[in-house]
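Derivation of every value follows stated rules applied to the coordinates shown; laboratory data play no part. It should be emphasised that the depicted structure is a prediction, and the values quoted were computed from it without experimental measurement. When we count neighbours, we look across all protein chains shown, and the Cβ atoms used for this are built from the backbone with ideal geometry, even at glycine.
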């Protein structure tokens, strides 16, 4: 039984292509969130998206360098 239900919510996970970010993205998807995975490593982000989708979740990869404000603004607009 899940205590948290994030169905209908969108979560943006920066650094989601690996490590703690990847684990966080997977857990958010498991509790119903649609997950936007933002990472400078676009290929790694796509790999995480494939894993989430194959488990029945909803995810989107966005190649983003969060150190660049214009890229962050563009990411949020998507």
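Does at least one position in region 34-46 carry a residue that is farther than 25 Å from residue 3 by Cβ, without any contact (Cβ under 8 Å) to a residue 24 or more places away in the chain and within 11 Å of the chain's Cα centre (by Cα)? Yes: region 34-46 contains one or more residues that are farther than 25 Å from residue 3 by Cβ, without any contact (Cβ under 8 Å) to a residue 24 or more places away in the chain and within 11 Å of the chain's Cα centre (by Cα).
Any residue in region 52-59 that is crowded, with 16+ Cβ neighbours inside 10 Å and assigned to a helix (DSSP H, G or I)? Looking through region 52-59, at least one residue is crowded, with 16+ Cβ neighbours inside 10 Å and assigned to a helix (DSSP H, G or I).
Within region 11-51, the set of residues being crowded, with 24+ Cβ neighbours inside 10 Å and touching a helix residue (DSSP H, G or I) at 6+ places or on another chain (Cβ under 7 Å) comprises 13, 16, 17, 25, 29, 35, 37, 38, 39, 48.
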